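Here is the structure we will look at.
Taken together, the values in this text are just the output of simple stated rules run on the coordinates, not laboratory data. What you see is a predicted model, and the numbers here were worked out from it, not measured in a lab. Cβ placement follows ideal geometry from the backbone for every residue including glycine, while neighbour counts extend to all protein chains displayed.
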Amino acid sequence: MLGGAGLGLTFSGHALAAGEIPKPANVLTPHEALERLKKGNERYVNGYAKRHDFIAEREALVGGQNPYAGILGCSDSRIAPEYAFDSGRGDLFVVRVAGNFTNEDAIASFEYTVKFLGTPLLVVLGHEKCGAVDATVKAVKDGAELPGHIPYLVKRIRPAVEASLGKSGNLLANSIHENVRLNVENLKNASPILTQYVAEKKLLIVGGIYELANGNIDWLE
């Protein structure tokens, strides 16, 4: 059973009264949610964080959840969205896969958080020197053969690499950027739910690149 499903059956578009919502501060417009993420990332980059009362958060979230942002991130252990945005429990609805690409499971997960949990913002979060994208570059450019199920990752990331071939600059960096851009578009065009919420301006979908050296998010708006 999905976490928070009991709340999800009744929580749609912030229908509950403010006192019934697990985290009232998470009831935001799409642009307010993005601004909150940016401020959280700024704190993270500068090396300080808000104090999170985990005991109070656990108690508040027993009955459900209302995250203010959904993150499609890479599985890379160096990039943790909860840290990168200095967020607390119940704030972010995170889907992670090596190469931060969309598939049916990811889209269905985001449909759930948008429609039933009221999440107003989705972010595709790529990062510098992504190993999954680098493996795809080697497979596309050099014909490298990869073991096991790793070719599945290559298949999903290949369009970004192929679109970046012949462009000026670093192929890996360009491919990482294009992979984020393509997956933002994939989410925007995921009908029927996400497309509807975007059209009604209830949902904003953006992309960003995490910089490894300083933790800054380079937003691709």
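The separation of region 57-134 from region 156-171, counted between C-alpha centres, amounts to 25 Å.
Among ARG156, ARG181, ARG78, which one moves the most in a GNM of the chain with springs linking Cα atoms closer than 10 Å? Comparing ARG156, ARG181, ARG78 in a Gaussian network model of the chain, the most mobile one is ARG78. Cross-link check: pairs LYS38/LYS201; LYS115/LYS188; LYS115/LYS202 evaluated at a Cα-Cα cut-off of 18 Å; pairs beyond the cut-off: LYS38/LYS201.
Extension gain, LEU220 to ALA173, is 15.6 nm, computed as 0.36 nm per intervening residue step minus the present C-alpha separation.
Going from the fewest other Cβ atoms within 10 Å to the most, the residues SER87, SER168, SER175, SER75 appear in the order SER168, SER75, SER87, SER175.
Order by neighbour count: ASP134, ASP53, ASP142, fewest other Cβ atoms within 10 Å first, most last. Can you show the working numbers first?
Numbers: ASP134 17, ASP53 12, ASP142 8.
Starting with the residue having the fewest Cβ neighbours, the order is ASP142, ASP53, ASP134.
Normalised by the number of residues in region 5-220, the average gap of Cα pairs under 8 Å and 6 or more apart makes the relative contact order 23 percent.
If R0 is taken as 22 Å, the Cβ-Cβ distance between GLU59 and VAL27 corresponds to a FRET efficiency of 0.70.
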